[in-house]
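The values are calculated or read from the model by the stated rules, or taken from the named source; none is laboratory data. None of these values were measured; they are calculated from a predicted model. For neighbour counting, all protein chains shown are included, and Cβ atoms are generated from backbone atoms with ideal geometry for every residue, glycine included. The accessibility values were calculated without ligands, DNA or RNA, using every heavy atom of the protein model including side chains. Shrake-Rupley method; radii C 1.70, N 1.55, O 1.52, S 1.80 Å.
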Amino acid sequence: MSDPRPVVCVDLNGVLDSYTGWKHEKHWDPPRPGAGEFLRDLHDRGFRVVVFTTRWADDAQAWLAQHGLDRWVSEVTDKKPAAHVFVDDRAVCFRGDFGETLKEIQRFRAHWEK
Ligand SMILES: [Mg+2]
């Protein structure tokens, strides 16, 4: 039976963690304060939470479990799922205007790069 809940895809590095930039594949930063409450609130509001990452899925799953965040997460993936919303520190939201999007891309900086 398929899960009817709308999917919210949440990025790991730069969203759920206190990202300090890429170092190497064994390096993991601790969770960002409030990350657990955020995942719980999404879950409690009826969303299916999928963690969306470029990291190895098994490593990401272990990090979530180590910090007690896995209980709110239905799936970890590095593929693009059919989602209602994506939460990402490197996203530009396309609102139908290529010109505005180009400007946003040119001035873009992740919050942790500022
Ligand atoms: Mg990220």
query = Near LYS23, which lysines are there with a Cα under 26 Å away, not counting those fewer than 8 places off in the same chain?
reply = LYS79, LYS80, LYS114
ask   = Percent relative contact order of the chain, based on C-alpha pairs within less than 8 angstrom and at least six residues apart?
value = 33
ask   = PHE52: net charge of surrounding residues, Cβ under 13 Å, Lys/Arg +1, Asp/Glu -1, itself excluded?
value = 0
key: Protein accessible area in the chain, 1.4 Å probe - carbon and sulfur %   = 53
message = What number do you get for region 7-113 when its Cα radius of gyration is normalised by 2.2 N^0.38 Å, N = residues?
response = 1.11
request  = Output the peptides 59-69, 98-108, 75-85 sorted from most to least packed, where packing is the average of other Cβ atoms within 10 Å over each peptide's residues.
outcome  = 59-69, 75-85, 98-108
message = Helix-only mean residue ellipticity at 222 nm, the chain, DSSP H runs n ≥ 4 weighted -39,500 (n - 2.57), per residue, nearest 500. What is it?
response = -7500 deg cm²/dmol
query = What are the principal axis extents of the Cα atoms in region 1-52, in Å, biggest first?
reply = 40, 22, 12
